[in-house]
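One structure is given below, encoded as structure tokens.
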Amino acid sequence: MAEHYTFKKVKKSLHEAGVKFVRILWCDNANIIRGKAVHLEMLSHYFEHGVGISAGEQGIPVMYDAIVPNSGLAPVGEIRLVPDWSSLTPLPYAPGHARVLGNMILDGQPWAFCPRNFLMQMIAAAKREGLEIQAAFENEFYLLRQTSEGIVPTDSTVFASTQSMDINREVIDAIADALIAQGIPVEQYYPESGPGQQEISMRYTDALRAANWQIGFRETVRAIARHHHLTASFLPKIFPDAASSGCHIHLSLWRDGQNLLPDPQGVCGLSQIARAFIAGILHHLPALMALTTPSPNSYRRIRPHTWSGAFRCWGLDNREAVVRVPSDPGLESSSHFEVKTVDASANPFLALGAIIAAGLDGVQRGLEPPNPVTEDPGNLPIEQRTANGIDALPTNLGEALDHFKQNNILLNALNPKLSQAFLAVRQAEWEAMKDWELDAEVKLLLERY
């Protein structure tokens, strides 16, 4: 994309914005956002070919900065992190700095281990089916204070409490202002069920930009919280007796500017192609969870009766279903659907790309999902759930990884190299943390995510 963004043009805009450093970012297989910064006066040397990073970066887990075994990677080898200048934005929370997303390049070609390139490949695969993917990430997170007694929430209110809005108004307003200043539209905000828990939703956009925005969202929320002497955490489960945090992904399918989902005559108001896409997601879900809920901590969130999607099913306005189809008062049918079994420990490029891969498999095979569920699946007798194809999902990361290892559609979509490295990283995390108590997970992961 550099040909559309000449060095002279980019440097002029950065100079006018008072930028001194350009942070070139990547998000690794453990979903840690990393970056190298180039001073503006040296940018000409890095504008086209980016900065060098070790190939081993894609083999590093969340626990430490060392390459895990069996990742197919080693300390030997260098790749280039090449800026996608279309993603450049000055950072309102870090005056003098700007952010740009990088693509991993080896010998002038996209590197097989690059998560962002994986999403671009899945977007291209969708286009070959005549589909354009629109998406939005919907984040829940906690605002916390660090005290001598440990972490405490900023408030102790309940869902959608206006008192919480008042208590947290300054930091929420600052987050919203900073997001909007970066071109990330803020759609809704409300306090969530947990003490100090918040939800801010971004407007939908094309799939790649949605994942870019998710990186920017996480960076912005954490930075603004620090400015207010708070800690923001997207960790799925922080407190044993309080609500967990998810990161739902909303999706719609388009062709030539037309939303393909609505069909007033279709089941749940959805077209056949939308139902096939959902059927693909449901079919691959046990393996998909290795990418959408990829932390050992994730599975403390996925429990029946917690609106987190603990059973493989879908339904209209059903917040216990993995795939929820929201009704639309402006239409006789539905305009999008939501995948709930996702959290912010997931690399957004991998999670969204894998969801697209699963959905496309459903489209290509003409799958039809089972009957939509009209009640809480956790209240149904086991025999009734079984008869209706409603089965429980993996209860820990180890189970999800085992499903992923056997799922050729997803393994091949990621490509053998990226699959191997991702599995090695997450397997190492599972082996390290599978016997940990919640307190130990929170101590390590609270500020990682």
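The values are calculated or read from the model by the stated rules, or taken from the named source; none is laboratory data. Owing to the predicted nature of the structure, the values given are computational and were not obtained by experimental measurement. Cβ: placed from backbone, ideal geometry, glycine included. Neighbour counts: every protein chain shown. Remember, those area values only see protein heavy atoms, side chains included, never the ligands or the DNA or RNA. Shrake-Rupley method; radii C 1.70, N 1.55, O 1.52, S 1.80 Å.
General remarks:
- Candidates are the residues of region 192-219 that are in a helix (DSSP H, G or I) and open to solvent by less than 10 Å² (accessible area, probe 1.4 Å); the one that is farthest from PRO153 (Cα to Cα) is ALA207.
- Conditions (1) touching an Asp or Glu at 6+ places or on another chain (Cβ under 9 Å); (2) open to solvent by 10 Å² or more (accessible area, probe 1.4 Å); (3) part of a loop (DSSP other than H, G, I, E, B); (4) of a type in the set (D, E, K, R): number failed by ASP343: (2)
- Residue check for GLU368: open to solvent by 20 Å² or more (accessible area, probe 1.4 Å), in a loop (DSSP other than H, G, I, E, B) and charged (D, E, K, R): yes
Rundown of residues vs (1) in contact (Cβ under 8 Å) with a residue 24 or more places away in the chain; (2) in contact with a Pro (Cβ under 8 Å, 6 or more places away or on another chain); (3) aromatic (Phe, Trp, Tyr); (4) open to solvent by less than 20 Å² (accessible area, probe 1.4 Å), yes/no style:
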| residue | (1), (2), (3), (4) |
| --- | --- |
| ILE53 | yes, no, no, yes |
| GLY59 | yes, no, no, yes |
| PRO92 | yes, no, no, no |
| LEU101 | yes, yes, no, yes |
| PRO115 | yes, no, no, yes |
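- Single residue of region 383-420 satisfying the filter (out of contact with any Lys or Arg (no Cβ under 9 Å at 6 or more places or on another chain) and among the charged types (D, E, K, R)) that is most open to solvent (accessible area, probe 1.4 Å): GLU383
- Test: residue in region 413-430 that is among the acidic types (Asp, Glu) and more than 19 Å from the chain's Cα centre (by Cα): no
- Pairs with Cβ under 6 Å, 6+ apart, first in region 433-446 and closer than 12 Å to LYS237 by Cβ, second of a type in the set (A, V, I, L, M, F, W, C): VAL442/ILE238; LEU445/LEU235; LEU446/LEU235
- Selection within region 1-17: residues that are in a loop (DSSP other than H, G, I, E, B) and surrounded by 12 or more Cβ atoms within 10 Å (Cβ to Cβ). The member of this set that is modelled with the lowest pLDDT is TYR5.
- Some residue of region 421-435 being outside any helix (DSSP H, G or I) and surrounded by 15 or more Cβ atoms within 10 Å (Cβ to Cβ): no
- Residues in region 225-237 that are open to solvent by 10 Å² or more (accessible area, probe 1.4 Å) and either at positive phi or in contact (Cβ under 8 Å) with a residue 40 or more places away in the chain (or both): 6 in all.
- From ARG319, ARG324, ARG303, residue being open to solvent by 10 Å² or more (accessible area, probe 1.4 Å), assigned to a strand (DSSP E or B) and at pLDDT below 95: ARG324
- Condition check for ALA66: closer than 21 Å to ALA346 by Cα, more than 23 Å from the chain's Cα centre (by Cα), surrounded by fewer than 18 Cβ atoms within 10 Å (Cβ to Cβ) and of a type outside the set (Phe, Trp, Tyr): yes
- Of everything in region 18-51 that is of a type outside the set (A, V, I, L, M), assigned to a strand (DSSP E or B) and in contact (Cβ under 8 Å) with a residue 40 or more places away in the chain, the residue that is surrounded by the fewest Cβ atoms within 10 Å (Cβ to Cβ) is LYS36.
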